[in-house]
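Just so it is clear, none of the values below were taken in a lab; they were calculated from the coordinates. This structure is a prediction, so every number in the text was calculated from the model and none was measured. Cβ placement follows ideal geometry from the backbone for every residue including glycine, while neighbour counts extend to all protein chains displayed.
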């Protein structure tokens with residue numbers, strides 16, 4: 001014996017969203033149909049047998065914590081901050097390798113820093129041109145320095161010459177004064193000598209005159225006597 | 001804080017690198033996944049393998065969890081897919097393997113590992129679970145998964161259909177078919193205890 005509605009009705013019986021009127025209809029049939037009723041009872045018994053399952057305790061396992069820590073490289077209390085910092089050595093190594101393989105060169109010039117990659121022939125030319133510019137600049141600076149030193153030396157020489165000339169003039173004036181004084185002294189002495197000489201001459205003349213007078217007197221005296 | 005909010009907080013912390021939060025998150029859900037594995041595979045070893053694969057999948061895809069569904073539902077979806085994958089690699093819990101010495105060994109090992117509980121009660125629970133595993137072992141995996149999701153995880157047929165990529169009616173039919181098979185085994189067990 002079987003009921004043609006059994007499968008459809010019981011299938012719908014276990015539906016989640018059975019409408020109330022549909023459930024009433026099913027319940028009515030189940031109450032009236034022994035086959036379907038007993039079938040449902042057996043199915044519910046099988047289901048309830050399953051629901052007797054007793055949860056078993058989980059055997060010990062590491063719960064993936066080792067993997068978690070290994071992949072996060074953190075301890076249990078470490079925050080996300082260190083999670084990022086752990087990549088710093090790797091990033092630094094990668095940067096160094098990149099610099100090595102890409103032949104990166106950093107050039108510092110008047111216009112700031114410049115970074116170049118790959119073949120450095122163009123950078124050498126640029127370096128040569130910058131070296132030339134630098135040499136020219138250095139030459140200009142040295143020339144300007146020499147000029148400044150020369151100017152300073154000239155200025156010092158003029159001042160020294162001026163000082164020497166001033167001193168020389170002073171000395172010359174002193175010498176002239178001294179010569180003038182010497183000549184004046186000689187002149188005075190000569191005048192004195194002349195005066196003395198003249199006086200001596202006068203005195204001599206006077207003596208001569210006296211002598212002559214005496215001689216004349218003697219002569220005159222002698223004449224009457226004869 | 002509700003359970004869902006607690007899950008969300010633990011997920012956020014785990015994504016931020018907290019191993020403690022990850023361990024707590026696993027602890028909250030491992031029992032359900034392990035027991036699901038026991039029912040699907042019928043032995044502790046495969047259940048452990050399945051559980052580890054499930055949580056590895058959870059770990060790898062945690063950043064993709066958007067929170068638009070319950071975290072437990074998301075885990076069961078992963079468990080469902082992992083069980084299907086595992087069944088492809090090796091037939092899970094075939095009827096030939098059920099009831100063999102391995103099952104009995106698992107039972108006694110489990111009892112021995114838990115000496116604090118009452119041995120008689122534990123033995124009774126283990127025998128009952130073993131009986132359920134034997135019943136489930138007669139079902140093909142797709143029906144076993146539907147029974148697992150419907151009876152033990154209380155999911156709707158819409159959710160089951162979505163997970164298994166089948167129609168709702170197919171899901172209902174498979175469930176009904178599975179129950180009929182289980183009914184037969186259940187009746188046999190009662191007749192031949």
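Points worth noting:
- Between the Cα long axis of helix A:121-225 and the first principal axis of chain A there is an angle of about 10°, rounded to the nearest 10.
- Per residue of peptide B:175-186, the mean number of Cβ atoms on other chains within 10 Å of the residue Cβ is 5.
- GNM remark for chain A: springs join alpha carbons under 10 Å apart, and the peak mean-square fluctuation among A:129, A:48, A:155 falls on A:48.
- Label-point separation in nm, residue A:102 to residue A:7, each point 7 Å along Cα→Cβ: 7.0 nm
- Principal axis analysis of the Cα atoms in the protein assembly as shown yields extents of 241, 50, 44 Å, listed in decreasing size.
- Inter-chain shielding of A:168-178 (mean C-beta neighbours from other protein chains, 10 Å cut-off): 0
- Taken as Cα centroids, segment A:158-175 and segment B:132-148 sit 131 Å apart, rounded to the nearest whole angstrom.
- Taking chain A as a Gaussian network of alpha-carbon nodes connected by springs under 10 Å, the highest mean-square fluctuation of the residues A:186, A:31, A:156 belongs to A:31.
- Of A:197, A:64, A:37, the residue with the greatest mean-square motion in the GNM of chain A, using alpha carbon springs below 10 Å, is A:37.
- The mean count of C-beta atoms from other chains within 10 Å of the C-beta of residues in A:60-70, rounded to a whole number, is 5.
- Net length gained if the chain between residue A:28 and residue A:55 were fully extended (0.36 nm per residue, minus Cα distance): 6.0 nm
- Per-pair calculated FRET efficiency, R0 = 51 Å: residue B:88 and residue A:117 via Cβ, rounded to 0.05: 0.50
- Between segment B:1-44 and segment A:1-24, the Cα center-to-center distance that results, in Å: 37 Å
- Our helix-only sum for chain A, with -39,500 (n - 2.57) per DSSP H run of n ≥ 4 divided by its residues, gives a mean residue ellipticity at 222 nm of -26500 deg cm²/dmol.
- With Cα atoms, 0 to 90° folded angle of helix A:20-32 axis to chain A main axis: 30 degrees
- q = 0.12, 0.23 Å⁻¹: log10 I(q)/I(0) that the Debye formula gives for segment B:1-94, counting C-alpha atoms only: -0.37, -1.14
- Shape class of segment A:6-50 from the alpha-carbon gyration tensor: oblate, with a/c at 1.5 or above and b/c at least as large as a/b.
- Measuring max minus min along each principal axis, the C-alpha atoms of chain A give extents of 241, 43, 42 Å (largest first).
- Panel order for B:160, B:166, by other beta carbons found within 10 Å of each beta carbon, from fewest to most: B:166, B:160.
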